[in-house]
Every structure is written in structure tokens, then in C-alpha cells.
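Everything below concerns the one structure shown next.
The values are calculated or read from the model by the stated rules, or taken from the named source; none is laboratory data. All figures in this text were calculated on a predicted structure; none of them were measured in a lab. Reconstructed Cβ throughout: ideal geometry from the backbone, glycine too, with neighbour counts over all protein chains shown.
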Amino acid sequence: MTTLFQITSGTLVAFFLYYGMDVRRKDGAADFVAHTWQTLMKFCSFSLIGGFVWVSLSVPQVSASDWLDMAIMASGTVFVTAAKNALGRAHTFTGQYLEKPGLVTRGVYSITRNPLYFGVLQCELGASLFVVHQAPMLLPRSYPYGLGVFAAALLYAVSFNWNMAVREGRYLQRCFGEEYRRYSNTVPFLFPLIRVKKEG
């Protein structure tokens, strides 16, 4: 089961890196924040991913709770992948924006205005729960220090993404006016809205 867990986690990480960590600067992109803060965000993100990969490859055995953490990450990866595909050329890495943006409301963007950030948040949650559960057994002496570094990187990444999601919303409001206002009135900011069709 441990080998299967490691293969599954490796697959999810590969998808997340490809769809969620496209750090290439796009043509026509501008900055919400200085390059220093973006570089720090990239460093924290890749450090968190590296920490998760190391722990997942080092664990001697996994439990049911670890598989639950993996399920949360799998859900997040699905959201990240779907959001990146829906955005297409409109995608920029967090901290940047297009000077001529497009308003995407189809697909996964019809249930949440920020599916990329929602998916990343799920991945961060699942990975954090897994690391907190397994790391004490792998690093019994240095665990408190490692946890402190991990927590600091995670706090920065989460707060950075939340701040950027808010700024992006304000920017789209300025660009698209009433169209974006109607969109934001019917689609939630982060947590997906699942609509149930009523019969009759």
C-alpha cells in the first residue's frame, strides 16, 4: 500500500507542477506586487512541494488518514487542472495580471470565481495534514524546527494567494464592470456552489 501511495502522490505532484506551477511570464503580463514578493512565493511553494515529496517517499507505512489527505489533494489537483484548462491564454502566475484580460465564466469557473486558488488550498491542506502526521516519526528530534519552517512557508503562501485573489477580483471589476458584478453576484468567491436542478 505504501508503494501505491507513493505512486499516487507522485502522479498528483506531477499534475500540480504542470498545471499549478506554470511560473512562466506571459506576454502582456504586469505585476500586482514586486518581483521580490513573487520570488518568495515561488520559493515557498516549491519548498512546500519538496517537503511533501520527501516525506511521501520516506514513510515506511501509511494509514487510512493519509489516504484521506491524498483524496483532498486529488480534489484540489482536479480543480487546478480544470481551472488552468479553462483559462487557457488568460492564465498568469499568482501576483501577475494581464493588461488585456478575458473574463472566463465557463466550466469550473461557473461554480467558483477562484478555482485555481481553491484547488491550491485543498492541496496545501491535504499535504499539511499528511506531513504533520508523518514527519514526527521521520524526524523525531528536529520535527519542531522543521514544522516551524513548514508552517511559515505555508502561512505566506496561503496569505499571498488570498490577497492576490482579492486583488484580481477588484481588477476584473474595474475591467468588466456590470458583467463581472453580475457574475460575482451568482458565483461564490472561493468555495464552489453546487446547484441542484429541481424537477417539475
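The single condition among (1) at pLDDT below 95; (2) basic (Lys, Arg); (3) in a helix (DSSP H, G or I) that ARG141 does not meet is (3). Within the option set ALA74, ALA86, being over 21 Å from ARG170 (Cα atoms), crowded, with 17+ Cβ neighbours inside 10 Å and small (Gly, Ala, Ser) holds for one residue only, ALA74.
Condition test on ALA152, is it within 20 Å of the chain's Cα centre (by Cα), part of a helix (DSSP H, G or I) and either at negative phi or small (Gly, Ala, Ser) (or both)? For ALA152, the condition - within 20 Å of the chain's Cα centre (by Cα), part of a helix (DSSP H, G or I) and either at negative phi or small (Gly, Ala, Ser) (or both) - is met. Close Cβ contacts (under 9 Å, 6 or more residues apart or on different chains) running from residues in segment 15-33 that are free of Cβ contacts under 8 Å to residues at least 12 places away in the same chain to residues that are assigned to a strand (DSSP E or B) comprise ASP27/LEU98.
Looking across segment 144-161 at every residue that is surrounded by fewer than 15 Cβ atoms within 10 Å (Cβ to Cβ) and not aliphatic (A, V, I, L, M), the one that is modelled with the highest pLDDT is identified as SER159. Within the set TYR180, TYR171, TYR145, the sole residue that is among the aromatic types (Phe, Trp, Tyr) and in contact with a strand residue (DSSP E or B) (Cβ under 9 Å, 6 or more places away or on another chain) turns out to be TYR171. Looking across segment 74-113 at every residue that is β-branched (Val, Ile, Thr) and assigned to a helix (DSSP H, G or I), the one that is nearest to VAL13 (Cα to Cα) is identified as THR77.
Residues in segment 34-66 that are of a type outside the set (A, V, I, L, M), in contact (Cβ under 8 Å) with a residue 12 or more places away in the chain and over 28 Å from GLN96 (Cα atoms): SER56, SER58, PRO60, GLN61, SER63, SER65, ASP66. Scanning segment 1-51 for residues that are under 14 Å from the mean Cα position of the chain (by Cα) and among the β-branched types (Val, Ile, Thr) returns VAL13, VAL23, ILE49.
Among the residues of segment 99-134, the ones that are closer than 18 Å to MET164 by Cα and of a type in the set (Lys, Arg) come to 2 in all. Contact map, segment 115-142: first residue under 15 Å from TRP54 (Cα atoms), second residue outside any helix (DSSP H, G or I) and among the hydrophobic types (A, V, I, L, M, F, W, C), Cβ cut-off under 9 Å, separation 6 or more or different chains; pairs are PHE130/VAL59; PHE130/VAL62; GLN134/VAL59; GLN134/VAL62; MET137/VAL59; LEU138/VAL59. Listed conditions (1) modelled with pLDDT under 95; (2) of a type outside the set (Gly, Ala, Ser); (3) assigned to a helix (DSSP H, G or I); (4) touching a Ser or Thr at 6+ places or on another chain (Cβ under 6 Å) are all met by PHE118, apart from (1). Within segment 23-71, restricting attention to residues that are of a type in the set (Val, Ile, Thr) and part of a loop (DSSP other than H, G, I, E, B), the residue that is nearest to LEU172 (Cα to Cα) is VAL33.
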